[in-house]
């Protein structure tokens, strides 16, 4: 085997996790990438602090295309500590609205809504970042 063949066999990317952060307004694009690429995950945290009641639409859109195991919570609390708190509060409010709508209007079981909330809120980050 020559050097070119040997180099050609070296994997360039060993499916290291890729995190797409702050994807607004490209939420659908990020969702698509997370769907077709097994090592891609994303969040829409930057947006939540800035869009007010439209946070529901942003969270809904983030859950429409991507697998639930690929979306991560983010408050994007940068700067003031209050922004971390407000981002977390806004995210929980928006996620609750979206999952309640799915349960009431689309027949999702309550256990499935809780599972999605657990995945997005904690479990996905623990898996991606290999946290205990």
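Assorted remarks:
- Pick from segment 1-40, criterion in a helix (DSSP H, G or I) and farther than 17 Å from residue 65 by Cβ, ranking: modelled with the highest pLDDT: 5
- Residue that is surrounded by the most Cβ atoms within 10 Å (Cβ to Cβ), among those in segment 112-132 that are farther than 19 Å from residue 34 by Cα and modelled with pLDDT under 90: 131
- Any chance residue 109 is surrounded by fewer than 15 Cβ atoms within 10 Å (Cβ to Cβ), within 22 Å of residue 129 (Cα to Cα) and modelled with pLDDT of 85 or more: no
- Residue check for residue 69: surrounded by 14 or more Cβ atoms within 10 Å (Cβ to Cβ), over 12 Å from the mean Cα position of the chain (by Cα) and either under 26 Å from residue 114 (Cβ atoms) or modelled with pLDDT of 90 or more (or both): no
- Tally, over segment 73-86, of residues that are crowded, with 19+ Cβ neighbours inside 10 Å and at pLDDT 85 or above: 2
- Qualifying positions in segment 66-85 - closer than 21 Å to residue 122 by Cβ and in a loop (DSSP other than H, G, I, E, B): 66, 67, 72, 73, 74, 75, 76, 77, 78
- Check on residue 59, farther than 16 Å from residue 119 by Cβ and out of contact with any strand residue (DSSP E or B) (no Cβ under 8 Å at 6 or more places or on another chain): no
- Output for segment 41-65, where each listed residue is in a loop (DSSP other than H, G, I, E, B) and either in contact (Cβ under 8 Å) with a residue 40 or more places away in the chain or surrounded by 24 or more Cβ atoms within 10 Å (Cβ to Cβ) (or both): 43, 44, 49
The values are calculated or read from the model by the stated rules, or taken from the named source; none is laboratory data. Only a predicted model underlies this, so the values are computations on that prediction, with no experimental measurement involved. Backbone-built Cβ (ideal geometry, glycine too); neighbour counts: all protein chains shown.
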